[in-house]
Amino acid sequence: MPVENNYQFTKQKTNIYKAKSQKDNMGTALITIKLMPESPQADLEAIQEKAKQIVEEKGGKTPSTKTEPVAFGLNAVVLNFAMDESLTQDSFEVPLNEIEQVNSVEITDFRRAFG
């Protein structure tokens, strides 16, 4: 077998293996993100709705939100959702941080879902 054909054959096998292993190894991750508003007067309902919209646009599944008291009347928005492990966390974190009235975004939990 000529060297060039052997190289192409090996490259094809490698690509097939990579595609198969990535398909088999990718699962679902469960993520919890805490969004801290700029002030206690921030519109938490608007932040929650925009956060859910961003998660769904970026490929997240079943987003849910709740508010969590932090201190001195300040409440954080806690966002939970599922995502495919092939997606990056930054694809969610950066746009969430750009929501109006959001001061910071922190991933507080990242777990692989089984089953």
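Here, each number is a calculation from the coordinates, and none is a lab measurement. Just so we're clear, the structure is a prediction, and the values are computed from it rather than from any experiment. Cβ placement follows ideal geometry from the backbone for every residue including glycine, while neighbour counts extend to all protein chains displayed.
Could you tally the net charge around Asn103, taking each other residue with its Cβ under 13 Å from the Cβ of Asn103, Lys/Arg +1 and Asp/Glu -1?
On the way: positive: Lys34; negative: Glu38, Glu98, Glu100, Glu106.
Taking every Cβ under 13 Å from that of Asn103, the sum is -3.
One equal scatterer on each Cα of the stretch 65-115, no solvent, Debye formula: the resulting log10 I(q)/I(0) at q = 0.24, 0.30 Å⁻¹ is -1.09, -1.37. Can you pull the one-decimal nm distance between simple spin-label points at Glu68 and Asp90, each 7 Å off the Cα toward Cβ? Once both label points are built, they end up 2.5 nm from each other.
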